[in-house]
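Asker: After the structure tokens below, expect a handful of questions from me.
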Ligand SMILES: [Zn+2]
Ligand SMILES: [Zn+2]
Ligand SMILES: [Zn+2]
Ligand SMILES: [Zn+2]
Ligand SMILES: [Zn+2]
Ligand SMILES: [Zn+2]
Ligand SMILES: [Zn+2]
């Protein structure tokens, strides 16, 4: 408990200090609970998510960093490795390939990489996984783009 | 390589009790004991065939043996590859503890192997000049003496290392392939780091996983599946029968790890076990160990091993536990004087219609399965009972009997041998019912041959079991005369031998897929003179002789000594050579 808090506090200070180091990621710690974080990540360019901003919710266990944080998308996203309803993410480093050397920041980077390179063979979203596996890249991209526009872009007033 | 061979020899000594069939196991200690002499005369040359086929093809490894072997293998890799024990351990694990595979891979492409296992050359790591280093997990800075590194040099504080390794150990056997926490690094974290940085409890757990890996990842070894047993069995792959017997006395099939099921093959066994679990609900009532007496309807409990039931006084009705038929009716109709194994004849006789329960079952077309399952399950529990009786005999009764009869315990070994034979035969008989269930109905000749052999074996076993269970009791409880006891000795030893022969025939026949069925069909119809000419194969002679006795049992005679039913024109018993 003490170790995880100390480690999260280090990450917090690092985030404050390096605010502009990675313009695609904005990590924010909950005001009252250092084990709850949110992040805003930019959809990577040359992907159907380009131009969108996606919100992630982190829930950090007391055994952190020996155990991985739980992360899910709060923003709707059409992606084969993200559950369309719950926003759960299927990513090895959040499970058995976790290493205590990862940080919340590096998890965000890994999720951005996953957005750019989906793994259709371990789908949490079967529709989008099937589209990709059947080779219908255009169909997949138009669906993903549509949801990016609907859910991840500021409404033009 | 010498040490490995030495170990085999050492184990040979105390694993002689494995082969009930091998003959020499039964008579290993006192060959010159007068009581066994006729057994030797009785045995034909087929015994020799069995002995050579039953040559031990497995080794029992106790925990110390396993550790020793693992140590030896690690030492071998260390010296041949000039690597640390830590590295040798990881290399062996990677190649499933196969020493020659490690050698081969290493000398073919050392770099590739190093990479796959995560063994870095220490020389690639340049030590730092800094006084303090930041830990890669907690991000605090520490003086160098509080920092440890794997071969890669990535620094982590000792507290974080301990937590990291401990988490992995408590996650399971994956800790054996632990790597540096830096995801892109891949340097192996081996037993040295574990010993340096973790608690005694975690060290023990890690050693446990290492030992388990040595058995479980090795193609030639498996743990004994008996609960509470720590032994492992090394099997010589490609060497005949899979049945092995552990030090704990549990016998199992090395191939499928179900309990030993020779002569029935693994496929049949697994089908049968699946079938049983599918039908288990329907079968529960069968396992109930009490049934109403067919005559007086009072419940009678089966608390003995043999199928011959006698109701309590005043009824005293004698019946067969399996078919609830009158005991004295058991003869050709049911598959033999003492046997009750024929499904078809029982069905034709309408024996099954007596119970309403069974009528229901018949509607569900379970009747056939029920027949085989009941016999399978009954032999199973009968075997359990016999095991308990054997134990009781060894620990209590033998000493008592020795006092009563004024005979040294070594002279009473024939009783233990009888019980060992009963236990083993119950096991074989049990599995032959699974075999029978899957024997295609349309293969009539094979079925008949099989049921004939099974019936012979079963009848022999029932006689033996009854004799060991009931007759022995009289000598335990009252002082019989010396003569009577000696007669009993001859009878029990004779039955043991006879039963052993029957079961050898049965096992042999099933193992070659009942291929001798044609020879059997012909001989059972030919005259006795042709048999006497000795043209047929030696191993069949006993079986053929007994057919003649069987087909004519109204006029045959029952041997006083072994109770074998001989044909009416035989002047001496075909089983034990006792004259009429
Ligand atoms: Zn640390
Ligand atoms: Zn490293
Ligand atoms: Zn065992
Ligand atoms: Zn098997
Ligand atoms: Zn009765
Ligand atoms: Zn019966
Ligand atoms: Zn006889």
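Any read-out appearing in this document is the output of simple, stated calculations on the displayed coordinates, not a laboratory observation. All values derive from a computational prediction rather than experimental measurement. Reconstructed Cβ throughout: ideal geometry from the backbone, glycine too, with neighbour counts over all protein chains shown.
Asker: Pick from A:2, A:70, A:26: which is surrounded by fewer than 17 Cβ atoms within 10 Å (Cβ to Cβ) and either more than 17 Å from the chain's Cα centre (by Cα) or within 13 Å of chain B (Cβ to nearest Cβ) (or both)?
Answerer: Working: A:70 fails: either more than 17 Å from the chain's Cα centre (by Cα) or within 13 Å of chain B (Cβ to nearest Cβ) (or both); A:26 fails: either more than 17 Å from the chain's Cα centre (by Cα) or within 13 Å of chain B (Cβ to nearest Cβ) (or both).
The conditions single out A:2.
Asker: Among the residues in the stretch B:147-161, are any exposed (fewer than 15 other Cβ atoms within 10 Å of the Cβ) and more than 16 Å from ligand 7 (Cβ to nearest atom)? Write out each step before concluding.
Answerer: Of the residues in the stretch B:147-161, the ones exposed (fewer than 15 other Cβ atoms within 10 Å of the Cβ) are none.
Within the stretch B:147-161, not a single residue is exposed (fewer than 15 other Cβ atoms within 10 Å of the Cβ) and more than 16 Å from ligand 7 (Cβ to nearest atom).
Asker: Only one residue in A:131, A:124, A:114 is part of a helix (DSSP H, G or I), more than 11 Å from the chain's Cα centre (by Cα) and away from chain B (no Cβ under 14 Å). Which one?
Answerer: Numbers: A:124 fails: part of a helix (DSSP H, G or I); A:114 fails: more than 11 Å from the chain's Cα centre (by Cα).
Sole residue among the options that is part of a helix (DSSP H, G or I), more than 11 Å from the chain's Cα centre (by Cα) and away from chain B (no Cβ under 14 Å): A:131.
Asker: Is it true that some residue in the stretch B:201-209 is under 30 Å from residue B:251 (Cβ atoms), crowded, with 16+ Cβ neighbours inside 10 Å and away from chain A (no Cβ under 14 Å)? So that I can check it myself, show each step before the final result.
Answerer: Taking the stretch B:201-209 first, the residues under 30 Å from residue B:251 (Cβ atoms) are B:207-209.
From the residues that got through so far, the ones that are crowded, with 16+ Cβ neighbours inside 10 Å too are B:209.
Next, from what is left, pick out any that are away from chain A (no Cβ under 14 Å): B:209.
Scanning the stretch B:201-209 turns up at least one residue that is under 30 Å from residue B:251 (Cβ atoms), crowded, with 16+ Cβ neighbours inside 10 Å and away from chain A (no Cβ under 14 Å).
Asker: Is it the case that the stretch A:79-92 has a residue that's in a helix (DSSP H, G or I), out of contact with any helix residue (DSSP H, G or I) (no Cβ under 6 Å at 6 or more places or on another chain), surrounded by fewer than 14 Cβ atoms within 10 Å (Cβ to Cβ) and more than 14 Å from chain B (Cβ to nearest Cβ)? Can you show your working first?
Answerer: Just the residues of the stretch A:79-92 that are in a helix (DSSP H, G or I), to begin with: A:92.
Now narrow it down to the ones that are out of contact with any helix residue (DSSP H, G or I) (no Cβ under 6 Å at 6 or more places or on another chain): A:92.
Then keep just the ones that are surrounded by fewer than 14 Cβ atoms within 10 Å (Cβ to Cβ); that gives A:92.
Checking the rest, the ones that are also more than 14 Å from chain B (Cβ to nearest Cβ) come to none.
The answer is no; no qualifying residue exists.
Asker: Taking the stretch B:246-264, which residues are under 25 Å from residue B:436 (Cα atoms), touching a strand residue (DSSP E or B) at 6+ places or on another chain (Cβ under 9 Å) and touching a residue at least 24 places away in the same chain (Cβ under 8 Å)?
Answerer: B:250, B:251, B:252, B:254, B:257, B:259, B:260, B:261, B:262, listed by residue number.
Asker: When residue B:224 is evaluated against the numbered criteria (1) within 16 Å of ligand 4 (Cβ to nearest atom); (2) in contact with a helix residue (DSSP H, G or I) (Cβ under 8 Å, 6 or more places away or on another chain), which criterion, by number, is the only one it fails?
Answerer: (2)
Asker: Also, I was wondering about something else. I need the full set of residues from the stretch B:210-245 which are under 12 Å from the mean Cα position of the chain (by Cα) and either in contact (Cβ under 8 Å) with a residue 40 or more places away in the chain or surrounded by 16 or more Cβ atoms within 10 Å (Cβ to Cβ) (or both), in order please.
Answerer: Of the stretch B:210-245, the ones under 12 Å from the mean Cα position of the chain (by Cα) are B:224-226, B:241-245.
Correct list: B:224, B:226, B:241, B:242, B:243, B:244, B:245.
Asker: Does residue A:51 qualify as being surrounded by 17 or more Cβ atoms within 10 Å (Cβ to Cβ), away from every other protein chain (no Cβ under 14 Å) and at positive phi? Break it down stepwise before answering.
Answerer: Details: surrounded by 17 or more Cβ atoms within 10 Å (Cβ to Cβ): no; away from every other protein chain (no Cβ under 14 Å): yes; at positive phi: yes.
Spelling it out, it is not the case that residue A:51 is surrounded by 17 or more Cβ atoms within 10 Å (Cβ to Cβ), away from every other protein chain (no Cβ under 14 Å) and at positive phi.
Asker: Out of curiosity, is residue A:100 outside any helix (DSSP H, G or I), more than 17 Å from the chain's Cα centre (by Cα) and within 14 Å of chain B (Cβ to nearest Cβ)? Spell out how you get there, then give the answer.
Answerer: On the way: outside any helix (DSSP H, G or I): yes; more than 17 Å from the chain's Cα centre (by Cα): yes; within 14 Å of chain B (Cβ to nearest Cβ): yes.
In short, yes.
Asker: Residues B:136, B:186, B:190, B:172: which one is within 13 Å of another protein chain (Cβ to nearest Cβ) and either more than 30 Å from residue A:14 (Cβ to Cβ) or within 16 Å of ligand 6 (Cβ to nearest atom) (or both)? Lay out the reasoning, then the answer.
Answerer: On the way: B:136 fails: either more than 30 Å from residue A:14 (Cβ to Cβ) or within 16 Å of ligand 6 (Cβ to nearest atom) (or both); B:186 fails: either more than 30 Å from residue A:14 (Cβ to Cβ) or within 16 Å of ligand 6 (Cβ to nearest atom) (or both); B:190 fails: within 13 Å of another protein chain (Cβ to nearest Cβ).
Residue meeting the stated conditions: B:172.
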